[in-house]
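Novice: Quick one: the structure is below, and I'll ask about it shortly.
Each value in this text was obtained by applying a stated rule to the coordinates, not by laboratory testing. Here the structure is a predicted model, which means the values were calculated and not measured. All Cβ positions, glycine included, derive from the backbone under ideal geometry; neighbour counts span all protein chains shown.
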Amino acid sequence: MTHFIDTALEPALWFLADWSLRWMALIGLAALLLLIFRPRRSAVRQLVYLAALLGGLLLPLAPRWGNGWQTSPSEIASTPTSSTPQPQRENGTQPLPIVRASEPKDSTAKAPIAEPSRGMNGDVEVKDLPENEPWGRWRIVVVGLAVAWSAGVLLLLLRWGCGWWFLQRLRRGGVEMTEPVMDLFAACRAELGVGQNVRLAAHPLVRSPVLLGLFQPLILVPLDWPRLPVDMQCGGLLHELAHVRRRDHWLAPLLHLLRVSFFFHPFVRWLLARLEYERELLCDEMVIQRGMDRHDYARILLEFARASGRFALPGFSGASYLPMGQRRTIKTRINHLLEENMERWIRPLPTRWAIVLGTVLLGLMLGLASYRVLAVEPEKANAPAETEKPPVAKTNEEKAKEIKKEQAARIKREALRYGGKNFDQWRTELVTELKPSIRADGMKALAAFGANGYGAEATQAILEIMCGYDVAIVDSAEEDAPVVKASLAAISKIGASSVPPLIAAVKGENRNARRFAVRALAELGTDARSAMPALLQAMNSNDVETRCLAITAVVQIDPHTKGVVSALIKALQDQETAYTAMRAIKDVGEEAKAATAGLLAFLHDKDTQVQIEVIHALAAIGARKESAVAAGRMLRYKNQEARQQAYQFLQSLGADAKEAVPVLIAVLKDPEDCYRNSAVATLATIGPDAKEAIPELNKLLKANNTGMQSEIMSALKRINP
């Protein structure tokens, strides 16, 4: 548990604290900008708040800059911060835990020496801390803070869920409105340009208009809504529809989720409240822009505010709702409506100016909030104040420091064990043991040693064993296949440290080791970029299997390396590697367009599968016209599988398959051709470029014995919309 607190829980809390403090500075900057410039437009103020919101969400991703302020070591020693450097192990693995003030510091007590242990998968592990180490005061504080934050979030989420359940009941209990009200609602919706997916209903528990839902918005109004004056109905409906027009019902759940996650942060809560306030002002302004008198609209707001709450059952908070008559904002909204020259400030902010201003604000806020505040030299920050201690204390501290250093030192490779055996014992056993199942298990041991400091030696041992195996059996049912499969898995686990021995094997004389090395490098992917020159050279090998494996490997590792395309074009000229080269060229993409001529030479190959591979490769490198012509030629083949794949390919090309239209028309004219329905579907995917097929399609449509009338009509609509 102490390990989890030190390595996971405490860093997470420091991350949250750092994020919160920087976001607080960013919100303070936004408030300062508004205080200095005092913009009259609500749209400008909301843009500043949105920049502060988006900037706060992007803060964890923003790179830190600046050298920070230099601080004396004594200040850092007295202040526990997450940026204080921790001692690292010599092998670069996880840092050792910091000894805190509540932990025993008796220099005479020997600290437990870290010993190697084996994990569930056999990897060599080192236990850093004894299991019975006391938590200490600091860890108790960390756990307490984590529990408090988790409890607060869970309670707020539970409240949110109850509100969502309540609002779902409201949706289900809504009563459809009568025709006069619906006509007014349709007129308001047309006035604001809102789509048809917004509904209107009444509910006895609703006291003022409220907008619910995301995908299917619903506006709920009181049951006595039809008895209200028409201008009052119009004002309420326009306000709620303005929320839909501005997509406020999509932003509301995100704001509430942030309010739940940062419930402890007063600045974030203030920012979210200001966003909601400006949102209401902007919707009011949109209503005024549609011709409603602002004094009449102010009286409407006052009437809705007199209702005793938004719902007959107060205290619920929904998943996404936007009420009109919130009492806490009505006063300021009415004051805003009654301002002199209010009409001057309700014009929408031009889009280009909003983008420019928002980008500048976001960049300014992120830049200032990402400044590195603290910068301390690790050596000075960790150096003990030895000069202030008496000589005896200094001697004792040196002894304790030596014990800690001995505990933290990396274990020598010779001390590592897997199943009680060291590396040399496993290597000897694998050489002398011939049983495949035992050798496959031994590869797991070599993988564990290779991942813990024996990378080159373990790889060399695997290559020596693979000299007696052909890598081509890896996917077969042969008895030795598990050995090859386990060897490839071991190389993948060892990683980049296995690349140098594998490169040497690619250049070596042993055929099996060379094949295995090429296949293993392909499994490593981008970690094996340094092997690209050796693999390109292997594409000229005398061994066909090595050449094919090398072609596949270079494409999997880095198909954009200089010389790959020219090597693949050369491989196309070799009958033994041409098919593999075609598939590799398809993976390279448009960079291999120079291979078009070489691919076209195989269009007359007797093997239809080769032709199918050619047309797919031509399409992948950008020669779509040539591939469509070739696929159209295959539509007249007798091979049913080839014809079916050709149709599928042409349909995947869409409009680019227009070169095959004449052949498709010929298919339609042949009453004996069983693929006429596929030809119709292909013409439909081509679209308007297949207009020359319309006469033949009309003939088929008039024929009653084809059974394709619906497909033909659909194709005609797509060809001639």
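Novice: What does the charge add up to near Phe263, with Lys and Arg as +1, Asp and Glu as -1, over the other residues with Cβ less than 13 Å from its Cβ?
Specialist: It works out to a net charge of +3.
Novice: According to the Kirkwood expression over distinct Cα-Cα pairs, how big is the hydrodynamic radius of segment 536-680, in Å?
Specialist: Radius from the Kirkwood sum: 15.9 Å.
Novice: So, one more: Compute, for segment 224-307, the length of the dipole vector about the Cα centre, with Cβ point charges of +1 (Lys, Arg) and -1 (Asp, Glu) only. Units Debye, rounded to 20. Don't skip to the answer; put the middle values down first.
Specialist: On the way: 12 positive and 12 negative charges, 62 e Å.
Once rounded to the nearest 20, the dipole reads 300 debye.
Novice: When the Cα centres of segment 619-667 and segment 193-237 are compared, how far apart do they sit, in Å?
Specialist: With segment 619-667 and segment 193-237 each reduced to a Cα centre, they are spaced 55 Å.
Novice: I would also like to ask the following. If you scale each eigenvalue of the Cα gyration tensor by 5 and take the root, what three semi-axes come out for segment 145-345, rounded to whole angstrom and sorted largest first?
Specialist: Its equivalent ellipsoid spans semi-axes of 29, 21, 15 Å.
Novice: Around Asn510, under 12 Å between beta carbons, what's the net of Lys plus Arg minus Asp minus Glu among the other residues?
Specialist: Residues close to Asn510 contribute a combined charge of 0.
Novice: Related question: Counting each pair of different Cα atoms once, what's the Kirkwood radius of segment 623-721 in Å, rounded to one decimal?
Specialist: By the Kirkwood definition, the hydrodynamic radius is 13.1 Å.
Novice: By how many nm would the segment from Leu223 to Asn639 grow when fully extended, if each residue of separation counts as 0.36 nm and the alpha-carbon distance is taken off?
Specialist: Working: separation 416, 0.36 × 416 = 149.76 nm, distance 7.09 nm.
That pair, Leu223 and Asn639, stretches by 142.7 nm at full extension.
Novice: When each pair of different Cα atoms in segment 462-534 is counted once in the 1/r mean, what is the Kirkwood radius in angstroms, to one decimal?
Specialist: For segment 462-534, inverting the mean 1/r across all distinct Cα pairs yields 12.1 Å.
Novice: Quick one: which of Lys625/Lys717; Lys507/Lys593; Lys593/Lys658 span more than 27 angstrom between C-alpha atoms?
Specialist: Checking Cα-Cα distances, Lys507/Lys593 exceed 27 Å.
Novice: While we're here: Quick one: which of 518-525, 712-719 comes out on top by average Cβ neighbours within 10 Å, and what's the full order, highest first?
Specialist: Order by mean packing, descending: 518-525, 712-719.
Novice: Quick check for you: which residues of segment 188-208 have the amide N under 13 Å from the point 7 Å beyond the Cα of Val230 toward its beta carbon?
Specialist: From segment 188-208, the list is 188.
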